[in-house]
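The values are calculated or read from the model by the stated rules, or taken from the named source; none is laboratory data. Note that this is a predicted model, so its numbers are computed, not measured. Reconstructed Cβ throughout: ideal geometry from the backbone, glycine too, with neighbour counts over all protein chains shown.
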Ligand code: NAP
């Protein structure tokens with residue numbers, strides 16, 4: 001059924017997930033020349049997803065994008081409902097009763113598994129656990145990390161792995177005035193880690209980090225980066241490809257890596273070392289991680305030679321995949337919701353009224369701003385489909401809120417969030433930080449109930 005949307009009966013859109021993709025999708029929708037109402041749902045009380053819980057605390061400038069998201073939130077056609085878990089607190093079909101269309105922007109929060117023996121040992125950690133812990137994610141606030149050994153290994157050579165390495169190599173002073181959680185700052189200040197070794201399964205040509213991020217490892221107060229020159233030797237095909245102008249970023253990476261081969265080192269400093277052509281095959285230890293066994297690769301293949309490296313902590317950072325949502329198709333192989341230009345697919349068929357955007361649509365790649373372009377593509381598809389949209393039965397959001405209330409769910413509005421925000425900033429200022437994040441959902445909810 002198609003209806004002409006009007007200011008009295010605007011297009012009703014539910015966006016699920018309040019990270020960058022969710023906010024850019026809302027912003028893009030509100031900029032269109034159509035009457036529209038956008039309700040943004042988020043399972044955690046606090047908005048901003050990856051910007052709040054993923055971006056490194058020492059990269060505060062990247063978090064300025066929140067100001068743009070706040071502008072979107074100030075539009076009177078927009079509402080925020082935090083602390084509502086779609087697919088759990090209300091089914092997707094139940095939500096669809098209230099919205100003409102649902103756009104899923106739930107990101108990619110699950111670590112891609114390595115799938116080797118020994119992953120259950122204490123001291124084997126996932127990127128999401130460590131990053132979530134120091135960034136105050138409610139799910140990871142109670143994680144424990146053994147930082148008592150001199151050596152930590154990280155598998156994976158993307159920017160997330162470099163974030164982990166940098167946090168492990170920073171001094172307390174470098175982190176003290178960031179929004180890193182105090183519990184993490186205290187634990188890291190006691191860390192005995194002196195060497196951080198970062199491993200890639202392919203040659204240096206394929207390293208997935210970007211020049212700005214790898215260069216930072218040479219700018220830390222008390223850390224010296226190192227790469228063995230032998231580790232930068234490339235096979236003839238990669239060496240030739242590196243010369244191509246299309247590989248300008250790889251060339252920059254390479255020249256930075258070359259500078260690491262002779263970087264000055266003072267013995268008391270922390271050491272950050274990159275290794276290439278190594279695939280972990282087993283994590284060894286009694287109850288705790290003691291060593292990791294790597295197979296040596298040549299031109300992308302194992303050559304049957306192995307080395308064992310002693311360590312006390314082994315971090316896996318080999319990319320993220322999305323989590324399935326009950327009632328929505330999911331491509332387990334890729335960890336995404338199958339789609340064509342943002343339209344959700346069931347097999348080859350488009351499911352009318354359901355869209356997707358961001359990492360849950362494309363996989364975990366690109367930077368925060370990349371989501372802006374992806375939002376434009378998804379909203380463009382939605383606008384093309386408007387006349388065929390299966391419109392909703394109930395246009396009263398209050399009915400939805402009553403239903404949630406009956407189920408004991410208390411949505412956090414944007415005004416509520418601003419109370420949490422003010423409290424966190426106040427707590428931060430009292431200890432010389434831009435904010436001290438609240439990590440307990442129940443405490444966040446109780447702050448929203450206080451009268452000011
Ligand atoms: P990523 O860039 O995709 O890097 C994943 C790394 O894991 C690659 O080195 C990859 O090696 C390796 N890997 C994948 N599967 C593996 C396996 N089974 N065994 C061993 N190694 C494996 O992912 P990410 O670091 O999680 O980053 C996600 C996105 O966020 C990226 O676009 C990144 O640039 C972005 N990000 C940006 C910033 C920033 O701008 N400051 C910070 C953090 C993240 P292969 O190449 O061999 O597959």
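Among residues belonging to segment 410-429 that are in contact with a helix residue (DSSP H, G or I) (Cβ under 7 Å, 6 or more places away or on another chain) and outside any helix (DSSP H, G or I), point out the one that is modelled with the lowest pLDDT. Please lay out each step first, then the result.
Here is the first cut: in segment 410-429, the residues in contact with a helix residue (DSSP H, G or I) (Cβ under 7 Å, 6 or more places away or on another chain) are 410-412, 414, 416, 419-420, 423.
Restricting the remaining residues to those that are outside any helix (DSSP H, G or I) gives 410-412.
Numbers: 410: 89, 411: 96, 412: 97.
Going through the qualifying residues, I end up with 410.
Being within 21 Å of residue 88 (Cα to Cα) and surrounded by 15 or more Cβ atoms within 10 Å (Cβ to Cβ) narrows it down to one of 400, 389, 382, so name that one. Before the answer, list the steps.
Values: 389 fails: within 21 Å of residue 88 (Cα to Cα); 382 fails: within 21 Å of residue 88 (Cα to Cα).
None of the other options fit; the residue is 400.
In segment 201-221, which residues are more than 25 Å from residue 293 (Cβ to Cβ) and out of contact with any strand residue (DSSP E or B) (no Cβ under 6 Å at 6 or more places or on another chain)?
Pass one, segment 201-221, residues more than 25 Å from residue 293 (Cβ to Cβ): 210-221.
Within segment 201-221, 210, 211, 212, 213, 214, 215, 216, 219, 220, 221 qualify.
Based on what the data block shows, is residue 200 closer than 18 Å to residue 128 by Cα, in the same structural domain as residue 226 (by TED's automatic domain parsing), at pLDDT 95 or above and crowded, with 17+ Cβ neighbours inside 10 Å?
Numbers: closer than 18 Å to residue 128 by Cα: no; in the same structural domain as residue 226 (by TED's automatic domain parsing): yes; at pLDDT 95 or above: yes; crowded, with 17+ Cβ neighbours inside 10 Å: yes.
When the stated conditions are applied, residue 200 does not pass them.
Applying the selection to segment 109-129, what residues are surrounded by fewer than 24 Cβ atoms within 10 Å (Cβ to Cβ) and within 13 Å of the ligand (Cβ to nearest atom)?
Answer for segment 109-129, where residues must be surrounded by fewer than 24 Cβ atoms within 10 Å (Cβ to Cβ) and within 13 Å of the ligand (Cβ to nearest atom): 109, 110, 111, 112, 113, 114, 115, 116, 119, 126, 128.
Report whether or not residue 304 is outside any loop (DSSP other than H, G, I, E, B), without any contact (Cβ under 8 Å) to a residue 40 or more places away in the chain and in contact with a helix residue (DSSP H, G or I) (Cβ under 7 Å, 6 or more places away or on another chain). Step through it out loud before you land on a result.
Details: outside any loop (DSSP other than H, G, I, E, B): yes; without any contact (Cβ under 8 Å) to a residue 40 or more places away in the chain: yes; in contact with a helix residue (DSSP H, G or I) (Cβ under 7 Å, 6 or more places away or on another chain): no.
No; evaluated as a whole, the condition is false for this residue.
Restricted to segment 140-165, and to residues that are within 23 Å of residue 200 (Cβ to Cβ) and within 14 Å of the chain's Cα centre (by Cα), which residue is farthest from the ligand (Cβ to nearest atom)?
164
Go through segment 366-419 and give me each residue that's in contact with a strand residue (DSSP E or B) (Cβ under 7 Å, 6 or more places away or on another chain) and closer than 30 Å to residue 208 by Cα.
378
Quick test of your reading of the structure: residue 364 fulfils all but one of (1) closer than 19 Å to residue 16 by Cβ; (2) at pLDDT 95 or above; (3) more than 16 Å from the ligand (Cβ to nearest atom). Name the failing condition by number.
Of the numbered conditions (1) closer than 19 Å to residue 16 by Cβ; (2) at pLDDT 95 or above; (3) more than 16 Å from the ligand (Cβ to nearest atom), the odd one out for residue 364 is (3).
Answer yes or no: is there a residue in segment 430-446 that is assigned to a helix (DSSP H, G or I) and buried (at least 19 other Cβ atoms within 10 Å of the Cβ). Walk me through how you get there before you give the answer.
Start the filter on segment 430-446 by keeping residues that are assigned to a helix (DSSP H, G or I), which leaves 441-446.
Next cut, buried (at least 19 other Cβ atoms within 10 Å of the Cβ) only: 444.
Yes.
Among the helices (runs of 4 or more DSSP H) lying completely within segment 87-197, list those that include at least 1 residues that are out of contact with any helix residue (DSSP H, G or I) (no Cβ under 6 Å at 6 or more places or on another chain) and outside the structural domain of residue 326 (by TED's automatic domain parsing). Lay out the reasoning, then the answer.
Working: elements: 92-96, 127-134, 159-169, 172-176, 182-189.
Filter on segment 87-197 gives 127-134, 159-169, 172-176, 182-189.
Restricting to segment 296-317, name every residue that is within 13 Å of the ligand (Cβ to nearest atom), surrounded by fewer than 23 Cβ atoms within 10 Å (Cβ to Cβ) and within 29 Å of the chain's Cα centre (by Cα).
Across segment 296-317, the qualifying residue is only 300.
Could you go through segment 201-209 and let me know if any residue there is assigned to a helix (DSSP H, G or I), more than 16 Å from the ligand (Cβ to nearest atom) and farther than 18 Å from residue 271 by Cβ. Break it down stepwise before answering.
Within segment 201-209, the subset assigned to a helix (DSSP H, G or I) is 204-206.
Narrowing further to those that are more than 16 Å from the ligand (Cβ to nearest atom): none.
No, there is no match, as no residue in segment 201-209 is assigned to a helix (DSSP H, G or I), more than 16 Å from the ligand (Cβ to nearest atom) and farther than 18 Å from residue 271 by Cβ.
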